[in-house]
1. With Cβ to Cβ distances under 14 Å as the rule, what net charge do the other residues near residue 95 carry (K, R +1; D, E -1)?
2. Could you work out the relative contact order of the chain, using alpha carbon pairs under 8 angstrom and six or more residues apart, expressed as a whole percent?
3. For residue 242, project a label point 7 Å along Cα to C-beta. Then give me every residue of the range 1-35 with its amide nitrogen under 14 Å of that point.
4. Give the cross-link partners of residue 453 among the aspartates and glutamates, using a straight C-alpha distance below 13 Å as the criterion and excluding same-chain residues fewer than 8 apart.
5. For the range 89-197, what is the per residue volume of the convex hull drawn over the alpha-carbon atoms, in cubic angstrom?
6. May I ask you to list the trypsin sites (Lys or Arg not before Pro) in the range 275-335 that are in a DSSP loop and have at most 16 other Cβ atoms within 10 Å of their Cβ?
7. For the pair residue 399 and residue 453, what calculated FRET efficiency results from E = 1/(1 + (r/R0)^6), where r is the Cβ-Cβ distance and R0 = 45 Å, to the nearest 0.05?
8. Could the peptides 178-185, 259-266 be put in order, highest first, of the mean number of other beta-carbon atoms found within 10 Å of their residues?
Amino acid sequence: MTRNVVRVGNGQGFWGDSARGPLQLVQGGGIDYLTMDFLAEVTMSIMQKLRSRNPQAGYATDFVAQLERILPHCKEHGIKVIANAGGVNPEACAAAVDDVVRRLGLDVVVATVGGDDVMADLPRLLDSGHGLTNMTTGAPLADELDRVQSANVYLGAFPIAEALAAGADVVITGRVTDPSLTLAPLIHEFGWTEDDHDLLAAGTVAGHVLECGTQCTGGNYDRWESVPDLAGIGYPLVEVAADGTFVVTKKAGTGGLVDVGTVTAQLLYELGEPERYLTPDVVADFTSIRLEQDGPDRVRVHGVRGSAPTDTYKVSISTLDGWRTTAQLTVGGPDAAAKARLTAEILLARLAEEGVVFPAEDCLVEVVGTNVLYADMLPEPATAPSEVVLRVSVRSTDKAAVNRLGAELASLLTSGPPGLTGFAGGRPKASEIVGFWPALIEKSAVEARVQVKEVVA
């Protein structure tokens, strides 16, 4: 039977978000679907590396641990879970979830959505005429193929809805657009079709509001002093009707704030062209959104308009763009800022003596405590600070040169100005610079894969 209202909560805004979110949303019920968002562009590259070292790795391991905490509550209250925790290896993630399900003694239908990972297909795609041109620079990918670390297509909501229609209790995806996690159950529950552009746009907006977790319930909000109980901040949920109108709210008794201001702030997050918010399923017009306060901690959203999607998917490609590191020291006492700047000059001069020279555009010296965050906007403090933090960051395609910075740092404690401290944790080492290569690919070149299986204790 079709529900009148579908309640979707998001308990994870990124990999590293608090583990309290998912549990808060499922304890005691009150939602129909729990979504969990783990992926960022750099995350896919890290996961690809993990899988290259271990064929059973490459997914968000935190998800498996969290699922063990929440799955009994989900089963008790009939809550389905949708997460993009699969990363570059949804099948391995599903296998780990299978172990959890059996350990808990539950019967659960687990589905995976894949087909987004086109890393292995890149040579074939390029040979068949898909240029995968960099959307920012216009450069062709063929010249940079040896630097590619990962390549994933942003799939849409319909494959997830297909998994739900097949009876899935837990859906694990690879790379999909963030709003798809919320839009998919609405498609499934209300029977929205690919031509229901206004409805799909409304569901996309609901997903955009939820995707960063507590950013729409008062977290990271510029009027932070008006937000009550940030310590107990509530994770968000939406109550969506079949006509696409929805209410943004949070569970009773939790902290934070849901008002037109907090929801507006999240709507503007990562927004490029408001009239054309592109997704695989629809083009949403964010200028059509209407917001109304609908009671304490409740904001009603309506009026959303949409139009047909483009015939391409966006592809997130990561590349190895060299190496970087940051050396850091605390500098205290009289003339702390001047001593910090001298320390940086000494460090770079000693490296230059050995032929290690970083061009100005590849070297950044910061003296934190002197308004470096507001360089060229605010003057240095009128009163000289008695302590500052010196940060020297470099980048290069030469890993050994980058590592020389860290090797030379400790000697400054005895051969530099007085008042240096804060050297702990060993020498800073070179780490990879992951470049982002956005591209487009025709939808006809990509096929989503949905697999569903019942896991019985």
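The values are calculated or read from the model by the stated rules, or taken from the named source; none is laboratory data. Everything quoted here is computed from the prediction, not taken from an experiment. Heads up, the Cβs are rebuilt from the backbone with ideal geometry, glycines too, and the neighbour counts pull from every protein chain shown. Ligands, DNA and RNA are stripped out before the accessible areas are found, and what is left, the full protein with its side chains, is counted by its heavy atoms. Shrake-Rupley method; radii C 1.70, N 1.55, O 1.52, S 1.80 Å.
1. On the way: positive: 51, 102, 103, 453; negative: 91, 98, 99.
Summing Lys and Arg as +1 and Asp and Glu as -1 gives +1.
2. In percent, rounded to a whole number, it is 18.
3. Label zone hits: 1-6.
4. Residue 453 reaches 91, 98, 107, 169.
5. 143 Å³
6. Passing both the DSSP loop test and the Cβ count: 276, 298.
7. Details: r = 44 Å, r/R0 = 0.97.
Once rounded, the FRET efficiency stands at 0.55.
8. Answer by packing, highest mean first, reads 178-185, 259-266.
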